[in-house]
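A.B. asks: Here's a structure for you.
The values are calculated or read from the model by the stated rules, or taken from the named source; none is laboratory data. Given the structure is predicted, the values throughout are model-derived calculations rather than measurements. Note that each Cβ is placed from the backbone with ideal geometry, even for glycine, and that neighbours are counted across all protein chains shown. In case anyone asks, the SASA skips ligands and DNA or RNA and just uses the protein heavy atoms, side chains included. Shrake-Rupley method; radii C 1.70, N 1.55, O 1.52, S 1.80 Å.
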Amino acid sequence: MSPPLAIHGGQPVREGGWPVWPIPAPGALNALNEVLHSGRWSISGPYRGQASFDRRFAESFAQYHDVPHCVPAASGTASLMMALEACGVGAGDEVITPALSWVASASTILGVNAIPVFADVDPHTLCIDPDSVERLISPATKAIVVVHLYSGVADMERLTRIAERASIKLIEDCAQSHGAQYKSRKVGTFGHVGAFSMHHTKVLTCGEGGATITSDAELARRLQCLRADGRRYAADAPRRGYSELIETGEPMGSNRALSEFQSALLIEQLALLDGQNETRRRNAALLDRYMAEIGIQTQQSAPGTTLRTYSSYVATFPEERLKGADIAAVGEALSAELGMLVRPVYPPIYANRLYQPRSRRRFALGGDYPARIDAEQFALPVANDIARRSVAFHHAALLGPGSDMADVATAFERVIKQVADIRSHQP
Ligand SMILES: *Cc1c(COP(=O)(O)O)cnc(C)c1O
């Protein structure tokens, strides 16, 4: 007889005690203090004799990726919208994006008055399926936004070829893949622009933040103007007390700048990224072996991935093990066993209650726009199936000792054995 599950009043596998995220870098406090007393809290504040922290972080992040340009921004959302507009995407253009992703993948496309066209995902990597992308390309397609989701890298070899052949832009959403490598090159460097989020939940964070990277000087110039009201850095340092930015309006922009506090923090946090990614990778590999032993599938990354990173760990239950149980209830049972949140993966976009373009007047653009942005029109069988059978938990849980992985596996084993009870206990 198995002991009762924690959701049924039994003893949980553990009550918590998981690593807390974010982890401040050793130099974080000094860096913040330096900004505090610097007389400059924003890139548009006066030059005080040294480059802005924004510029210094941009240099480190570009160097980290071995590309010449980085333009930091206020969020991942801002970075994606800047990337789209820098690539010339605008009113009425179609942009292909995966159906299985955070809602920002869709809302940022709407945000530049373009049309999100939802591609299905690959059942093993959970990332955008190149076959689905090919079927969706039309004369109106201007760009593809690839998302390297959870711990998977998308099939960049095929996707870059598809974009090249169609002469459209390729943008990589790396909000969940800082530091991952494909064919020994960092993700974000394969597309025309790589966009990152440094939100609290991500593996590199300053609370709220983002960045774009590119190898194209012209795109970099446009990205700068788009994030700072049409202003960009001058080639030479100004006199003290003057602005480091020059006003060009090429193109017009909006203020989406990162504050100096956030940039200073990111410089410090970046130094921890590779080490933390390594710890997560080691624990995830251990957990993959436990999961295989109990017959639970885990997320793959596209062939060609040379360094994997984990923004979340995803487990997919085979149909016959799930026995029709509701995945949200399974997630709750797992959360109760482990004292941490284990949740279903993102719903496919048409089922996401956060995708509601009709709730905002700004998207009431007339003509056939409302019909073209209706997510219900897309057939997404794989995204739908994966979402029904998969759960995910945050990368922080992969930062502790290897024994933590045994606890995770024990909880999954316990829950899967009693999955029939979960179904019967559903309200
Ligand atoms: C977090 C995230 C974003 C948005 O980033 P914010 O910083 O929250 O604006 C976009 N795409 C994906 C895949 C994300 O995970």
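A.B. asks: Within region 65-78, restricting attention to residues that are open to solvent by 40 Å² or more (accessible area, probe 1.4 Å) and more than 18 Å from the chain's Cα centre (by Cα), which residue is nearest to the ligand (Cβ to nearest atom)?
C.D. replies: First pass over region 65-78, keeping only residues open to solvent by 40 Å² or more (accessible area, probe 1.4 Å): 66, 68-69, 77.
From what's left, more than 18 Å from the chain's Cα centre (by Cα): 66, 68-69.
Working: 66: 23, 68: 24, 69: 20 Å.
That would be 69.
A.B. asks: Would you mention how many residues in region 250-293 are among the acidic types (Asp, Glu) and within 30 Å of residue 225 (Cα to Cα)? If you could, list the steps in order and put the result at the bottom.
C.D. replies: Start the filter on region 250-293 by keeping residues that are among the acidic types (Asp, Glu), which leaves 250, 260, 268, 274, 278, 288, 293.
Now restrict to residues that are within 30 Å of residue 225 (Cα to Cα): 250, 260, 268.
Within region 250-293, residues that are among the acidic types (Asp, Glu) and within 30 Å of residue 225 (Cα to Cα) number 3.
A.B. asks: Based on what the data block shows, is residue 86 within 16 Å of the ligand (Cβ to nearest atom), at pLDDT 95 or above and surrounded by 14 or more Cβ atoms within 10 Å (Cβ to Cβ)? First the steps, then the outcome.
C.D. replies: Values: within 16 Å of the ligand (Cβ to nearest atom): no; at pLDDT 95 or above: yes; surrounded by 14 or more Cβ atoms within 10 Å (Cβ to Cβ): yes.
It is false that residue 86 is within 16 Å of the ligand (Cβ to nearest atom), at pLDDT 95 or above and surrounded by 14 or more Cβ atoms within 10 Å (Cβ to Cβ).
A.B. asks: Here's another thing I want to ask about it. Tally time: how many residues in region 284-309 are over 17 Å from residue 100 (Cβ atoms), touching a helix residue (DSSP H, G or I) at 6+ places or on another chain (Cβ under 8 Å) and assigned to a loop (DSSP other than H, G, I, E, B)?
C.D. replies: Within region 284-309, residues that are over 17 Å from residue 100 (Cβ atoms), touching a helix residue (DSSP H, G or I) at 6+ places or on another chain (Cβ under 8 Å) and assigned to a loop (DSSP other than H, G, I, E, B) number 6.
A.B. asks: Further question: Any residue in region 111-133 that is in contact with a Cys (Cβ under 7 Å, 6 or more places away or on another chain), at pLDDT 95 or above, closer than 22 Å to residue 368 by Cα and among the small types (Gly, Ala, Ser)? Steps first, please.
C.D. replies: Going through region 111-133, the residues in contact with a Cys (Cβ under 7 Å, 6 or more places away or on another chain) turn out to be 121.
Narrowing further to those that are at pLDDT 95 or above: 121.
Adding the requirement that they be closer than 22 Å to residue 368 by Cα leaves none.
No, every residue in region 111-133 fails to be in contact with a Cys (Cβ under 7 Å, 6 or more places away or on another chain), at pLDDT 95 or above, closer than 22 Å to residue 368 by Cα and among the small types (Gly, Ala, Ser).
A.B. asks: Oh, and also: Considering (1) more than 17 Å from residue 87 (Cα to Cα); (2) open to solvent by less than 10 Å² (accessible area, probe 1.4 Å), say which one residue 129 fails and leave the rest.
C.D. replies: Failed condition: (2).
A.B. asks: Moving to a separate point now. Could you check region 156-182 and list, in sequence order, the residues that are of a type in the set (S, T, N, Q) and either open to solvent by 30 Å² or more (accessible area, probe 1.4 Å) or part of a strand (DSSP E or B) (or both)? Don't jump to the end; show me each part of the working.
C.D. replies: Quick first cut of region 156-182, residues of a type in the set (S, T, N, Q) only: 160, 167, 176-177, 181.
The answer is 160, 167, 181.
A.B. asks: Which one of these is within 16 Å of the ligand (Cβ to nearest atom) and either on the phi < 0 side of the Ramachandran plot or β-branched (Val, Ile, Thr) (or both): 267, 349? Before the answer, list the steps.
C.D. replies: Details: 267 fails: within 16 Å of the ligand (Cβ to nearest atom).
None of the other options fit; the residue is 349.
A.B. asks: Anything in region 1-57 that is within 23 Å of residue 201 (Cβ to Cβ) and assigned to a helix (DSSP H, G or I)? List them, or say none. If you could, list the steps in order and put the result at the bottom.
C.D. replies: We begin by selecting, within region 1-57, every residue within 23 Å of residue 201 (Cβ to Cβ); these are 14-29, 31-32, 53-54, 57.
Across region 1-57, the qualifying residues are 28, 29, 31, 32, 53, 54, 57.
A.B. asks: Sticking with this one: Could you tell me how many of the residues in region 136-168 are of a type outside the set (A, V, I, L, M) and under 28 Å from residue 270 (Cα atoms)? Show your work before the answer.
C.D. replies: We begin by selecting, within region 136-168, every residue of a type outside the set (A, V, I, L, M); these are 138-139, 141-142, 148, 150-152, 155, 157-158, 160-161, 164-165, 167.
Still in the list and also under 28 Å from residue 270 (Cα atoms): 148, 150-152, 155, 157, 160.
Selection size over region 136-168: 7.
A.B. asks: Is it the case that some residue within region 121-137 is more than 15 Å from the ligand (Cβ to nearest atom), more than 19 Å from residue 379 (Cβ to Cβ) and within 19 Å of the chain's Cα centre (by Cα)? I'd like the intermediate steps shown before the answer.
C.D. replies: Going residue by residue through region 121-137, those that are more than 15 Å from the ligand (Cβ to nearest atom) are 122-124, 129-137.
Filter once more, keeping what is more than 19 Å from residue 379 (Cβ to Cβ): 124.
After this cut, where a residue has to be within 19 Å of the chain's Cα centre (by Cα) as well, the list is 124.
Within region 121-137, one or more residues are more than 15 Å from the ligand (Cβ to nearest atom), more than 19 Å from residue 379 (Cβ to Cβ) and within 19 Å of the chain's Cα centre (by Cα).
Matching residues to (1) surrounded by fewer than 12 Cβ atoms within 10 Å (Cβ to Cβ); (2) of a type outside the set (S, T, N, Q); (3) under 25 Å from residue 172 (Cβ atoms):
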site: 218; (1), (2), (3): yes, yes, yes
site: 221; (1), (2), (3): no, yes, yes
site: 225; (1), (2), (3): no, yes, yes
site: 243; (1), (2), (3): no, no, no
site: 248; (1), (2), (3): no, no, no
site: 252; (1), (2), (3): yes, yes, no
site: 255; (1), (2), (3): no, no, yes
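A.B. asks: Considering region 105-115 alone, what residues qualify as being within 13 Å of the ligand (Cβ to nearest atom) and more than 17 Å from the chain's Cα centre (by Cα)?
C.D. replies: Taking region 105-115 as the starting set, the residues that turn out to be within 13 Å of the ligand (Cβ to nearest atom) are 105-109, 111.
Residue satisfying the conditions is 111 alone.
A.B. asks: Any idea which of 74, 83 is farther than 30 Å from residue 139 by Cβ and among the aliphatic types (A, V, I, L, M)?
C.D. replies: Numbers: 83 fails: farther than 30 Å from residue 139 by Cβ.
When all the criteria are applied, what remains is 74.
A.B. asks: For region 22-36, which residues satisfy the criterion of being among the aliphatic types (A, V, I, L, M) and either at pLDDT below 95 or open to solvent by 60 Å² or more (accessible area, probe 1.4 Å) (or both)? Outline the logic, then answer.
C.D. replies: Kept after step one, since they are among the aliphatic types (A, V, I, L, M), are these residues of region 22-36: 23, 25, 28-29, 31-32, 35-36.
Those that are among the aliphatic types (A, V, I, L, M) and either at pLDDT below 95 or open to solvent by 60 Å² or more (accessible area, probe 1.4 Å) (or both): 23, 29, 36.
A.B. asks: Can you tell me which condition residue 324 does not meet? The list is (1) on the phi > 0 side of the Ramachandran plot; (2) within 22 Å of the chain's Cα centre (by Cα), and all the others hold.
C.D. replies: Tallying (1) on the phi > 0 side of the Ramachandran plot; (2) within 22 Å of the chain's Cα centre (by Cα), residue 324 fails exactly one: (2).
A.B. asks: Looking only at region 180-205, count every residue that is closer than 25 Å to residue 25 by Cα and more than 15 Å from the ligand (Cβ to nearest atom) and tell me the total.
C.D. replies: 2
A.B. asks: Can you name the residue in region 224-250 that is more than 16 Å from the ligand (Cβ to nearest atom) and under 27 Å from the mean Cα position of the chain (by Cα) and is also farthest from residue 89 (Cα to Cα) among such residues?
C.D. replies: Filtering region 224-250 down to residues more than 16 Å from the ligand (Cβ to nearest atom) leaves 224-225, 228-250.
Filter once more, keeping what is under 27 Å from the mean Cα position of the chain (by Cα): 224-225, 228-230, 232.
On the way: 224: 16, 225: 16, 228: 19, 229: 18, 230: 17, 232: 21 Å.
Out of the qualifying residues, it is 232.
A.B. asks: Residue check: is residue 112 under 18 Å from residue 345 (Cα atoms), touching a Leu at 6+ places or on another chain (Cβ under 7 Å) and of a type in the set (Val, Ile, Thr)? Walk me through it before giving the result.
C.D. replies: Working: under 18 Å from residue 345 (Cα atoms): no; touching a Leu at 6+ places or on another chain (Cβ under 7 Å): yes; of a type in the set (Val, Ile, Thr): yes.
Here the answer is no, as residue 112 does not meet what is asked.
A.B. asks: Considering each residue of region 183-240, count those that are among the aliphatic types (A, V, I, L, M), closer than 15 Å to residue 74 by Cβ and assigned to a helix (DSSP H, G or I), and give that number.
C.D. replies: The qualifying residues number 2.
A.B. asks: May I pose another question? Residues that are in a helix (DSSP H, G or I) and either free of Cβ contacts under 8 Å to residues at least 12 places away in the same chain or among the hydroxyl-bearing types (Ser, Thr, Tyr) (or both): does region 243-261 have at least one?
C.D. replies: Filtering region 243-261 for residues in a helix (DSSP H, G or I) gives 260-261.
With either free of Cβ contacts under 8 Å to residues at least 12 places away in the same chain or among the hydroxyl-bearing types (Ser, Thr, Tyr) (or both) added as a condition, the list becomes none.
No: zero hits.
A.B. asks: Report every pair of residues separated by at least 6 positions or lying on different chains whose Cβ atoms are under 9 Å apart, first residue within region 140-163 and without any contact (Cβ under 8 Å) to a residue 12 or more places away in the chain, second surrounded by fewer than 24 Cβ atoms within 10 Å (Cβ to Cβ) and part of a helix (DSSP H, G or I).
C.D. replies: 161/130
A.B. asks: Return the residue satisfying two criteria in turn: it lies in region 37-64 and is open to solvent by 50 Å² or more (accessible area, probe 1.4 Å) and in contact (Cβ under 8 Å) with a residue 60 or more places away in the chain, and of such residues it is nearest to residue 405 (Cα to Cα).
C.D. replies: Across region 37-64, the extreme among qualifying residues is 56.
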